[in-house]
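Trainee: Before we start, here is the structure in question, set down as C-alpha cells.
The values are calculated or read from the model by the stated rules, or taken from the named source; none is laboratory data. Given the structure is predicted, the values throughout are model-derived calculations rather than measurements. Note: ideal-geometry Cβ built from the backbone for every residue, glycine included; neighbour counts use all protein chains shown. SASA here: full protein model, heavy atoms, side chains in, ligands and nucleic acids out. Shrake-Rupley method; radii C 1.70, N 1.55, O 1.52, S 1.80 Å.
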Amino acid sequence: MERREVSFRIQRYNPQVDQTPFYDNFKIAVEKGITILRVLNHIKEQLEPRLTFRAFCQAGICGSCAVRVNGISKLACTTQVWDELTGGGDDPILIEPLSNLPVIRDLLVDIDPVIEKLRQNQGWVVPSIPEEKMGFKEHAVSDDEFEVINAATDCILCGSCYSECSMMGVNPRYISPPVLLKTFRMNNDTRDTDGDERLRRVTADHGLWDCTHCYRCVEHCTKNIPIMDGIHRLREEAFERGMTGSEGARHAQAFFDDTRNTGRLREVTLPLRTKGVTGSFGMLPLALKMALKGRTPPLFVHRIAGIERIREIYRKLEK
Amino acid sequence: MKFAYFLSCINESMTREVDRSIESLKKDLDIVLFKLEKGACCGGSNLDYVSPEHFLVINGRNIALAEQMNLDLVTSCSTCLLTLRRAKQILDSSPDKRQFVNSFLANEGLSYTGSSDVKHLLWVITEDLGLSRLAEKVTTPLTGIRFAPFYGCHIIRPSQLLGRDNPASPSSLDLVVEALGGSLVEYPSKNKCCGFHTLLVAEKESLAMSGNAIESAIRAEADYIVTPCPLCHTALDAYQPKALEGRRVSRSIPVLHLSQIIGLALGHSREELGIDRHMIT
C-alpha cells in the first residue's frame, strides 16, 4: 500500500473569539485512497478535537461536507488526498470553508441563505391537484417527461456552485446557481402549475439575467449537473412566456435582430437597446474617452457577404 | 498551416487591434488565415435565448463554411469559441439536428458534416505551431517583463466542451509567455471571470469582478495583464478606470492581447500592433 506524509493547511475561525481566520498545519501519514473527510475525522479524533466541520453520509449523497480543497469547492467525502497532491506531494493541501456563505466555525458554513432564496423563489412543485384531494389521485410522470429534469434532480444542495459562482462573489443578493437550477427543475415538472409566477420572480433584479455565464458552477458541480443548460432553458422560457421587458432580455433580442439585419452585432447602439435612453446616459463619458482612442464601434456596421442567405434562414425559421 | 478565420464582431469595432496584430504576425508564424467573410455573428451566447433554432442554424452554417474550404475554423474571441463549439457538440451528437440544420444550408451548397474543428488562436499557437517553434522565432525576448496571464472563462470552462486547460490551474498562456522570454507573476485571478457579459445588465457587479482581477494583478507587481480574449480585454482595459474607482491601488496596469505579446517578441512595433489604441497605455 502506497503511504506518505502529507501536510494539511486548514482554515480555523471562531467568529465569537477570533478577529480574523487563521491556519493550522497538520502533518499526517496517509495511505493512497484516503479521502479528505477521513483526514478531517482523523484530525478531530486524534489531534484537534475542536476542529469543526459538517459531514454525514460519507458517500457523496447528503451534500453536507462540501469544503474548498486547494481553492476549489468539493465534497470532502469523495475527494481523495492523492488527487490533490501538488508540488511532487510536498505542498500542503489547503482546506477552507465554502466561499460566499457566513462561517459559523472553522469549515462549517451557514447554508440558510441558500434555503431562504429557495423559499422566496418557490423551489417546490405547485400541483394541479387541490390540497384536499392530495393522496387520492396519482399524478404519474412518464420516463420521457422525467428525463428533461433527471440531471437537475441530482442536486444535493451541497453549496459548491454557490461558493464558486462569480456573481455571488460580488453580490450576496444574487439569486445563485442552485436556486436557478431548482427553478428550471420545477418549471419543467409536468405536475407543476406555477411556472409563470416562479419565472416572474426569478427574472426580477439580481435574478436570472445577472448570470455572467462563467461556467464555474457547471465546472465544479459535485454531481456533474449541467447547471448552465438549466439557466439557458430558463432564459429561453422567459422569451416563450413573453417576459422580455428586462435589460437582459432586451440585450439578447439585440443579438437576434442584428444577425438578421447585417450579420454583425451593432455594438454602438447595444447599450441604448439594452438599458434605454436614461440607462445608457451614464456611459457617455466612457464612450467619449474611447472615441479619443479610436475605440468607438462604427456607427454603421458592414453587411456580411451574402446577408440575403441569413435573412432567408430567418424567414424559413419564422414560418 | 492554413485555417479559416472567424471574424468576431468586437474585433471589427472596439478591439480592432486584435485582427491588425494577427495580420502582422501571419508571415512570421507561417500561418495562412482565410477570412470567413460570409460568416455571421455567433450570437455572443445570447442568440439562443431568443431562439435555439436560429443559434444552431447560424452557427452550423458558420462551421459548414469552413468545412467547405476543408479547413479548421479559428477564432481569437473566447465567447465565439464557446458558442461555435456548443453548436458543434450539439450537431456532432445528433443526426436529427444535423439534418435539420442542413435543410437550411442546402440551397447555398453547404452541408454540416462535423469535419472541421473549432479552435482558439491560443491553441493554434500551442498545438499546431508548438511552443518550441514559437520560441525559435523570438527576436526580441520579453526578458524581465512580468505578465499576469488572464485566461477568462470561455476558453477553459466548461472543460468538457473545451478540454485543453485544467480550469482550476490553466497553463497554456503561461507557457506562451515563457516561450517568449517573459516572466510570470502568481496571482489569484487568472481563471476568474472578467464580468464582461453582464456589464450592461449589472454594471456595478461586473466592475467589481474586473476590479478584483485588475487589483490583484497590480498587487502581484505585474507589468502587464495578458489575455487571449477581446471581451476580457475590454472589461479589463476600457473599463479599468471605472473598475478601480474607490480602490486603494497606486497605479493602473496595461492589458495586452495574446497576439500583441507575440508581436512584441517577434520584433514588431507598438504602433504596428495597435498597443497605443488601448485605453491604458
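Trainee: Placing one identical point scatterer on every Cα of region B:96-251 and ignoring solvent, what is log10 I(q)/I(0) from the Debye formula at q = 0.16, 0.18 Å⁻¹?
Mentor: -0.94, -1.08
Trainee: Where the centre of each part is set by its Cα atoms, how far does region A:246-313 sit from region A:47-86, in angstrom?
Mentor: For region A:246-313 versus region A:47-86, the Cα centre distance is 47 Å.
Trainee: Using only the Cα atoms of region A:247-318, build the gyration tensor, take square roots of its eigenvalues as a ≥ b ≥ c, and label the shape rounded, prolate or oblate: rounded if a/c is under 1.5, else prolate if a/b is larger than b/c, else oblate. Walk me through the numbers on the way to the answer.
Mentor: Details: a/c = 4.64, a/b = 1.64, b/c = 2.83.
Judged from the Cα gyration tensor, region A:247-318 comes out oblate (a/c at least 1.5, b/c at or above a/b).
Trainee: Related question: Please give me the summed charge of the neighbours of A:VAL170: other residues whose Cβ is under 12 Å from its Cβ, Lys and Arg +1, Asp and Glu -1.
Mentor: Details: positive: A:ARG173, B:LYS192, B:LYS204; negative: A:ASP210, B:GLU203, B:GLU205.
In short, 0.
Trainee: Evaluate the distance, in nm, between pseudo-label points positioned 7 Å from the Cα of B:ALA106 and of A:ASP91 along their respective Cα→Cβ axes.
Mentor: Reported label-point gap for B:ALA106 and A:ASP91 is 5.5 nm.
Trainee: Another question about this same structure. Let me know the Rg and Dmax you get for chain A when you use only its Cα atoms, in Å.
Mentor: In order Rg, Dmax, the Cα atoms of chain A give 24.7, 74 Å.
Trainee: Considering amide H positions built from the backbone, and no H for Pro or chain starts, which residues 5 or more places from A:ARG12, or on another chain, come under 5 Å of its amide H?
Mentor: Result for A:ARG12 returns A:PHE22, A:TYR23, A:ASP24.
Trainee: Expected output is a single nm value to one decimal: the length gained when fully extending between B:GLU186 and B:ASP117, i.e. 0.36 nm times separation in residues minus the C-alpha distance. What is it?
Mentor: Values: separation 69, 0.36 × 69 = 24.84 nm, distance 3.25 nm.
Taking 0.36 nm per residue and subtracting the Cα distance, the gain is 21.6 nm.
Trainee: Give the cross-link partners of B:LYS137 among the lysines, using a straight C-alpha distance below 17 Å as the criterion and excluding same-chain residues fewer than 8 apart.
Mentor: Cross-link targets: B:LYS26, B:LYS27.
Trainee: Something else: Among all the lysines, which ones have a C-alpha under 28 Å from A:LYS319's C-alpha, if same-chain residues fewer than 8 places away are not counted?
Mentor: B:LYS38, B:LYS88, B:LYS97
Trainee: If each residue of separation counts as 0.36 nm, what is the full-extension length gain between A:THR244 and A:HIS42 once their alpha-carbon separation is subtracted?
Mentor: Result for the pair: 67.3 nm of gain on full extension.
Trainee: Need one number: % antiparallel among DSSP beta bridges in the protein assembly as shown, to the nearest 5.
Mentor: 50 percent
Trainee: Right, another one. Take every Cα pair under 8 Å in chain B that's 6+ residues apart, average their separations, divide by the length, and report that relative contact order as a whole percent.
Mentor: 21 percent
Trainee: Let me have the relative contact order for chain A, percent, based on Cα pairs under 8 Å that are six or more residues apart.
Mentor: That works out to 13 percent.
Trainee: Rg and Dmax in Å for the protein assembly as shown, alpha carbons only: what are they?
Mentor: According to the Cα coordinates of the protein assembly as shown, Rg and Dmax are 25.0, 81 Å.
Trainee: Find the centroid of the Cα atoms in region B:22-99 and in region B:223-281, then give the distance between the two in whole Å.
Mentor: The distance from the Cα centre of region B:22-99 to that of region B:223-281 comes to 26 Å.
Trainee: Moving to a separate point now. Over both sides of the A-B contact, add up the buried accessible area with a 1.4 Å probe and give it to the nearest 100 Å².
Mentor: Between A and B, the summed buried area is about 5500 Å².
Trainee: Excluding ligands, DNA and RNA, what is the solvent-accessible area per residue of region A:3-109 at a probe of 1.4 Å, expressed in Å²?
Mentor: 50 Å²
Trainee: Mean separation of Cα pairs under 8 Å and 6+ residues apart, divided by the residue count of region A:210-319: what relative contact order is that in percent?
Mentor: For region A:210-319, the relative contact order is 23 percent.
Trainee: Still on this structure: For chain A, just give the cysteines left without a disulfide-compatible partner, judged by no other Cys Cβ under 4.7 Å.
Mentor: Singleton cysteines: A:CYS65, A:CYS77, A:CYS155, A:CYS158, A:CYS165, A:CYS211, A:CYS221.
Trainee: Provide the gained length on full extension for the span B:GLU178 to B:THR140, in nm with one decimal, where the gain is 0.36 nm per separating residue minus the Cα-Cα distance.
Mentor: Extending this stretch completely gives an extra 12.4 nm.
Trainee: As an exercise, take the mean of 1/r over every pair of distinct alpha carbons in chain B, invert it, and state the Kirkwood radius in angstroms.
Mentor: 19.2 Å
Trainee: If you restrict to DSSP beta bridges whose two residues both lie in chain B, what percentage is antiparallel, to the nearest 5?
Mentor: So the antiparallel bridges in chain B amount to around 0 percent.
Trainee: Considering the zone a paramagnetic label at A:CYS57 would reach in this model (a point 7 Å from Cα along the Cα-to-Cβ line), which residues of region A:161-192 have amide N under 17 Å from it?
Mentor: A:161
Trainee: Per residue, what accessible area does region A:247-318 have, given a 1.4 Å probe and all protein chains present, in Å²? Walk me through the numbers on the way to the answer.
Mentor: Working: 3650 Å² over 72 residues.
With all protein chains present, region A:247-318 gives 51 Å² per residue.
Trainee: B:ALA168 versus A:ASP196, label points 7 Å from Cα toward the beta carbon: distance in nm?
Mentor: Using points 7 Å along Cα→Cβ, the separation is 4.6 nm.
Trainee: Within the set of other residues whose C-beta is less than 14 Å from the C-beta of B:GLU203, count the net charge using Lys and Arg as +1 and Asp and Glu as -1. Present the calculation step by step, with values, prior to reporting the outcome.
Mentor: On the way: positive: A:LYS275, B:LYS204, B:LYS242; negative: A:ASP205, A:ASP210, A:GLU247, B:GLU205, B:GLU245.
Around B:GLU203, the surrounding residues sum to -2.
Trainee: On the protein heavy atoms, probe 1.4 angstrom, tell me the percent of accessible surface of the protein assembly as shown carried by carbon and sulfur.
Mentor: 50 percent
Trainee: Take every DSSP beta bridge whose two residues both sit in chain A, then give the antiparallel share in percent to the nearest 5.
Mentor: Numbers: 20 of 23 bridges.
Roughly 85 percent of the DSSP beta bridges within chain A come out antiparallel.
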